[in-house]
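This report concerns only the one structure given below.
Please treat every number below as a calculation from the coordinates, not as lab data. All of these numbers come straight from a predicted model, not from anything done at the bench. Methodologically, a virtual Cβ is constructed for each residue, glycine included, from the backbone with ideal geometry; neighbour enumeration extends over all protein chains shown.
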Amino acid sequence: MSKISLDDIQKLREMTSMGMMDCKKALTEAEGNFEKAIELLRKRGAAVAAKRGDNETAQGIVHAYIHPGSTVGVLVEINCETDFVARNDEFKKFAQDVCMHIAAMKPLYISSADVDQAWVAKEKDVIIAQIKHDGKTKEEFIEKVLEGRMQKVLGEVCLLDQKFVKNDKLTTQQVMQELIGKMGESIKIRRFARYEIGLY
């Protein structure tokens, strides 16, 4: 494998917004393969997120977004560990992107841990009725199908599990993990509110 060029490092940096040294290391490990290098950087972001996940996030911003036409608005609170990161332009851009995502994708909850259990019970009842209507009555079959369909439903209503509106190859959670990898500290979406004319 030939030496990794500065142009390659710069190209990966432009693709990922990661630091030069991180890009050089990833390209070296991936033997110049950009797709593998990007995957390595994503995994590092997830590892940093896992390591710093319990750290206190007492800083952050509340960001507001009004969709063109002024019929949809979003408020989101995103927390981090330091005011230094809270003032970072990339952190603010992430907040803006999350607001745009919420405006477009209409999540009901942040994560599956926040989902109202009464809502889950109703969804399960509907899915079970559909399965039985299709003539499937074996309990083990019902349980297996129910689990798969509930995961799909939760992926549609939970912000962190939704495919990110600006990059549908990643979930919102994965995009946030990449930012955590870049910033080097814990970041959490604390809460959000979505307003739309005529909806309550």
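Brief remarks follow.
- Residue within the stretch 149-171 that is more than 17 Å from the chain's Cα centre (by Cα) and part of a helix (DSSP H, G or I) present: yes
- Residue in the stretch 123-141 that is in contact with an Asp or Glu (Cβ under 8 Å, 6 or more places away or on another chain) and among the charged types (D, E, K, R) present: no
- Residue match in the stretch 151-158 (condition: farther than 19 Å from ALA121 by Cβ and surrounded by fewer than 17 Cβ atoms within 10 Å (Cβ to Cβ)): no
- Look at (1) of a type outside the set (Ser, Thr, Tyr); (2) outside any helix (DSSP H, G or I); (3) within 30 Å of GLY69 (Cβ to Cβ) and you find that TRP119 fails only one, number (2).
- Residues of the stretch 75-95 classified as surrounded by 14 or more Cβ atoms within 10 Å (Cβ to Cβ) and part of a helix (DSSP H, G or I), total: 6
- All conditions but one from (1) of a type outside the set (Asp, Glu); (2) surrounded by 13 or more Cβ atoms within 10 Å (Cβ to Cβ); (3) assigned to a helix (DSSP H, G or I) apply to LYS188; the one that does not is (3).
- Per-region count, the stretch 160-195, residues farther than 19 Å from CYS80 by Cα, among the polar types (S, T, N, Q) and in contact (Cβ under 8 Å) with a residue 40 or more places away in the chain: 1
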